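Have a look at the structure below before the remarks.
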């Protein structure tokens with residue numbers, strides 16, 4: 001087939017993007033579900049829970065390191081080939097996790113699964129944006145991100161329930177089955193999109209030296225450290241409200257995920273209409289207010305539910321607009337790379353939030369301090385985005401809401 005524009009000007013783009021969202025649901029379920037299975041994993045592998053927790057850390061670190069590397073190496077591949085290969089690698093990693101007889105091999109298998117996830121998620125967002133076109137980029141990215149929010153709200157609890165009933169290895173087979181189901185659909189139905197490739201690896205890596213890209217990545221780092229501080233320690237922050245009741249904590253997590261799904265979809269539409277920078281500024285500033293509202297609400301479960309819902313809306317209103325921003329700055333052939341860099345920084349922020357939280361808790365011996373600290377981080381992200389927007393307007397640089405210059409091609 002001759003090269004033609006990959007943008008689907010009808011409504012068929014939604015069906016293609018929905019398939020990609022199902023793939024991110026599988027990947028997200030795998031990333032989020034391990035935390036709920038740590039006691040069972042530890043018992044099975046004859047290690048303590050702390051050692052089992054390193055499975056989460058190893059996955060996150062491998063994802064952060066491999067995401068930009070794999071994006072650069074596969075820059076000339078069609079997106080369909082990248083996505084299918086990613087799901088195959090991801091599935092093999094989970095099969096290896098289920099079959100590995102000891103802790104060391106399980107750790108190695110998690111690295112393989114992380115490699116597949118690192119190839120899939122950023123490329124799913126870049127591919128969705130290419131299919132939908134620049135005018136619907138925010139909505140397309142938001143739909144793909146629904147896969148992540150729903151994996152948090154539905155996939156992880158379902159996987160945990162399967163693990164509790166049948167053992168943690170059954171959960172790994174469940175996640176593998178999800179990947180096996182979606183891979184052939186992508187192979188058979190997704191257009192063979194080939195992002196306009198830069199002529200050399202050096203040029204594909206050129207965004208690493210772009211100060212505007214660095215600015216967007218800094219905002220991602222600051223925002224997600226702030227977002228994940230209260231989320232990671234939600235059981236401690238709302239200990240008085242939940243009384244340590246696991247059911248109440250699970251309900252708060254469900255509220256966060258469901259509200260986040262709604263916030264993500266609205267944010268994608270608003271990014272298309274008003275520009276992603278405005279959405280990021282509003283979301284991060286709003287989160288600062290919500291985190292401070294958590295201080296008087298943390299002792300009452302009825303008060304905790306609405307503020308957790310608001311935090312879910314604000315938290316997931318940052319993801320798609322940030323991807324929108326960084327894709328608009330990408331030169332031809334580097335779209336997948338910049339999205340993977342953003343994803344890598346987000347995973348780095350999640351890891352750093354645990355470190356910052358641990359330091360704050362050990363220093364002040366109270367989870368209350370995490371809330372103003374989180375507010376400072378998201379306010380810094382809002383301020384940096386506002387400064388960037390003002391600077392662009394003063395010097396007349398192109399808006400980040402503008403589409404990438406190059407069009408993808410279908411093969």
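FYI, it's all coordinate maths here, none of it is from the lab. Not measured: the values here are computed from a predicted model. Cβ placement follows ideal geometry from the backbone for every residue including glycine, while neighbour counts extend to all protein chains displayed.
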* Have a look at 241, 21, 156 and tell me which one the Gaussian network model of the chain (Cα, springs below 10 Å) gives the largest fluctuation. => 241
* Structure fact -> Shape call for the stretch 328-391, from the Cα gyration tensor axes a ≥ b ≥ c (a/c under 1.5 means rounded, otherwise prolate when a/b beats b/c, else oblate), comes out oblate
* Asked: Sorted by packing (mean other beta-carbon atoms within 10 Å per residue), highest first, where do 112-121, 279-288 land?
  -> 112-121, 279-288
* Structure fact -> Candidates 75, 125, 243; GNM for the chain (alpha-carbon contacts under 10 Å) flags as most fluctuating 243
* Structure fact -> Ordered by fewest other Cβ atoms within 10 Å, a rough proxy for footprinting exposure, 77, 168 read 77, 168
* Asked: Quick one: in the stretch 36-151, what % of C-alpha pairs are over 21 Å apart?
  -> 45
* **Centre separation in Å (Cα based) which lies between the stretch 12-32 and the stretch 144-175** => 14
* Listed values [x] 130; [y] 175; [z] 163, entry calculated as volume of the Cα convex hull per residue in Å³ -> [x]
* Asked: What Kirkwood hydrodynamic radius do you get for the stretch 105-169 when you take the inverse of the mean 1/r over all pairs of distinct Cα atoms, in Å?
  -> 13.8
* In deg cm²/dmol and to the nearest 500, what is the mean residue ellipticity at 222 nm of the chain if only DSSP H runs of at least 4 residues count, each as -39500 (n - 2.57), divided by the residue total? -> -26500 deg cm²/dmol
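Let me have the relative contact order for the stretch 159-314, percent, based on Cα pairs under 8 Å that are six or more residues apart.
Working: 92 pairs, mean separation 34.4, N = 156.
The normalised contact order for the stretch 159-314 reaches 22 percent.
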* Asked: Taking the chain as a Gaussian network, Cα atoms linked when under 10 Å apart, which of 188, 38, 87 shows the biggest mean-square fluctuation?
  -> 188
